[in-house]
Amino acid sequence: SEEKSLNFIEEIVENDLNSGKYETLVTRFPPEPNGYLHIGHAKAICLNFGLTQKYGGYTNLRFDDTNPVTEKTEYVNSQQEDIRWLGFNWKNELYASDYFDELYGFAVKLIEKGLAYVDESSADEIAALKGTPTEPGQDSPYRNRSIEENLDIFTKMKNGEFADGAYILRAKIDMASPNMLMRDPIIYRIKHAEHHRTGNKWCIYPMYDFAHGQSDSIENITHSICTLEYVSHRELYDWFIEKLEIFPSKQYEFARLNLTSTVMSKRKLLQLVNENLVNGWDDPRMPTISGLRRRGFTPKSVREFCERIGIAKRENLIELSLLEFCIREDLNKTANRVMAVLDPIKLVITNYEKGTEDLIGENNPEAEDGGGTRVIPFSNELWIEREDFMEVPAKKWFRLAPGAMVRLKFAYIVKCEDFVKDENGNVTEIHCTYIPESKSGNDTSGINVKGTIHWVSAPHAKTAEIRLYDRLFTSETPDAEEGDFKDYLNPESLTVLPNVYIEPALADADLDGRYQFIRKGYFCLDRDSTADKLVFNRTVTLKDTFKK
Ligand code: ATP
Ligand code: MG
Ligand code: MG
């Protein structure tokens, strides 16, 4: 098979391992536990874990939990479940909050080296002195406080002697740096808030830039991979590591995943959940990993998607239809073909006198192991799709119409002899005769028909609710539109069919099962199902129906 070319991060890793710069590759996936993971995170997970699967070494799971206000243990648990579901195992489960003592020590070390100072300017005052990208900033009046005074106030900050916002700790770098992030960035702030793990032990918390790189370094992470927004943070990342004289982790940036017709920020997804615009984080319309799982995506299809989109250095926008393509490809090989009638109309076979009979249906002609067979009950009263009958047939119509013949999948050829209408002119019943010699697999009738339709035997049918999904947003780029992204929600993203007829074998469906409802798409059982009421989600249609 053809050798896949390396992505640019694999190239860097190979060079570093070959040159002996590192003996063991160590990566990490560092989610903030402030929401459920989404398909963008899946890309970062596949990248970080994929590297150590390929090159050896290991990957840590580190919760980047330095902001007590937004973080919750519920999110920690869901994030772990989602990573495992994707098929990855971390070496160590770690928390940035476990490093709060060490990070505090790093801050003290910087103060002692004359490289950090306490500032009591207001946020506005700090902003006013910050300068602009083209103009240097100015020093804070507190920049040259003595080391002793800095240590004293910082200790008091830690001890809870001040209110939120009274003081901050800043790195003392360069107020004229062309990189705004190097203009004495804030590294600690006072926040009297309970933390999901450390409770009320701390009332000062490190900023992202002061926590992330040092956490990488504490864990001996060799390649710290993040998205392009952090390019300008790299200089600061390196500065802290150099001044603190700690393990030299290196940061590398790649293009985040952007997907059409969706939003992908935990903050925005949380709004959809909180405002009940979707039914929770795992709503099958959500781009969350839990939403995709509930929708019927397989881990393999998500990994395949991440593989196909690749790792780039420039921002790009991926079509949602590519994600759908990946699940369709997977399910085509694994999903059993079954029959369900979504919009039923009765078909009566007037010359069928056997009562009922058991037919044999092939489960999946595309399956590698042949897929096996199952029993499908047949009788003289069937449900078929309303759309498979036309009173006045269109040109090239190969399905049912007065006088026309069609094959019933797995069963017989039938001929439409008559139909019944109600007082409103709606067709309520179709009357057919069947050709006894035309049984599938044993057809000696010599009749050729062009159309095959699916059906369910009426006396044997079970009922189910079916949920059909469309894109969550009407705009391809809801983030880029004018106004609020929520103004572009698709009001027709969910269609519920409360009473669909399914073949009886589906009564045994379980949550892991994947089914192709013949001609209708791929479906899976929803966790809302009960013994009395089955609920199925449509994972994806059989063909790409998106309009460009
Ligand atoms: P969000 O805004 O969705 O919360 P985030 O980057 O703040 O995103 P984190 O929990 O900090 O979320 O992300 C954990 C890891 O996942 C980070 O390394 C981040 O770079 C990566 N990541 C997040 N979103 C994407 C994305 N859309 N594409 C690729 N990687 C992503
Ligand atoms: Mg983050
Ligand atoms: Mg975030």
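The values are calculated or read from the model by the stated rules, or taken from the named source; none is laboratory data. Just so it is clear, the structure is predicted and the values come from calculations on it, not from any experiment. Heads up, the Cβs are rebuilt from the backbone with ideal geometry, glycines too, and the neighbour counts pull from every protein chain shown.
A few remarks follow.
- The residues listed here are E10, E23; of these, the one that is away from ligand 3 (no atom under 16 Å from the Cβ) and either free of Cβ contacts under 8 Å to residues at least 40 places away in the same chain or under 22 Å from N77 (Cβ atoms) (or both) is E23.
- Every listed requirement among (1) within 16 Å of ligand 3 (Cβ to nearest atom); (2) part of a loop (DSSP other than H, G, I, E, B) is met by A42 save one, (2).
- Taken over segment 497-524, residues that are crowded, with 21+ Cβ neighbours inside 10 Å and part of a strand (DSSP E or B) amount to 10.
- Residue check for I221: within 16 Å of ligand 2 (Cβ to nearest atom) and part of a loop (DSSP other than H, G, I, E, B): yes
Every residue, every condition in (1) touching a residue at least 60 places away in the same chain (Cβ under 8 Å); (2) outside any strand (DSSP E or B), yes or no:
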site: E417; (1), (2): yes, no
site: V420; (1), (2): no, no
site: N424; (1), (2): no, yes
site: T428; (1), (2): yes, no
site: T433; (1), (2): yes, no
site: V449; (1), (2): no, yes
site: I466; (1), (2): yes, no
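Each row is one residue, and each column tells you yes or no for (1) farther than 28 Å from T260 by Cβ; (2) away from ligand 2 (no atom under 16 Å from the Cβ); (3) modelled with pLDDT of 95 or more.
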| site | (1), (2), (3) |
| --- | --- |
| K43 | no, no, yes |
| G50 | no, yes, yes |
| G105 | yes, yes, yes |
| A116 | yes, yes, yes |
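- Failed criterion for L61 (all others in (1) within 16 Å of ligand 2 (Cβ to nearest atom); (2) assigned to a loop (DSSP other than H, G, I, E, B) hold): (2)
- Some residue of segment 87-98 being within 16 Å of ligand 3 (Cβ to nearest atom), over 20 Å from the mean Cα position of the chain (by Cα) and touching a residue at least 12 places away in the same chain (Cβ under 8 Å): yes
- One residue alone among F8, F29 is within 16 Å of ligand 1 (Cβ to nearest atom), of a type in the set (F, W, Y) and more than 19 Å from the chain's Cα centre (by Cα), and that residue is F8.
- Residue count for segment 68-108, restricted to those that are outside any helix (DSSP H, G or I), of a type in the set (A, V, I, L, M) and over 17 Å from R28 (Cα atoms): 1
- Filtered residues of segment 405-433 (kept if of a type in the set (G, A, S) and surrounded by fewer than 19 Cβ atoms within 10 Å (Cβ to Cβ)): G425
- T132 surrounded by fewer than 19 Cβ atoms within 10 Å (Cβ to Cβ), without any contact (Cβ under 8 Å) to a residue 60 or more places away in the chain, in the same structural domain as C226 (by TED's automatic domain parsing) and within 12 Å of ligand 1 (Cβ to nearest atom): no
- Sub-6 Å Cβ pairs linking a first residue in segment 28-45 that is closer than 13 Å to F63 by Cα to a second residue that is near ligand 1 (Cβ under 6 Å from one of its atoms) and part of a helix (DSSP H, G or I), at least 6 apart or interchain, are N34/K266; G35/K266, ordered by first then second residue.
- Here L468 passes the criteria (1) modelled with pLDDT of 95 or more; (2) farther than 29 Å from E357 by Cα; (3) surrounded by fewer than 17 Cβ atoms within 10 Å (Cβ to Cβ) except the one numbered (3).
- Tally of residues being of a type in the set (S, T, N, Q) and in a helix (DSSP H, G or I) across segment 258-282: 2
- Of Y75, Y22, Y55, all but one fail to be out of contact with any strand residue (DSSP E or B) (no Cβ under 8 Å at 6 or more places or on another chain), within 16 Å of ligand 1 (Cβ to nearest atom) and over 30 Å from S140 (Cβ atoms); the exception is Y75.
- Residue in segment 272-285 that is touching a helix residue (DSSP H, G or I) at 6+ places or on another chain (Cβ under 7 Å) and within 12 Å of ligand 1 (Cβ to nearest atom) present: no
- P287 more than 26 Å from L17 (Cβ to Cβ) and either within 16 Å of ligand 3 (Cβ to nearest atom) or at pLDDT below 95 (or both): yes
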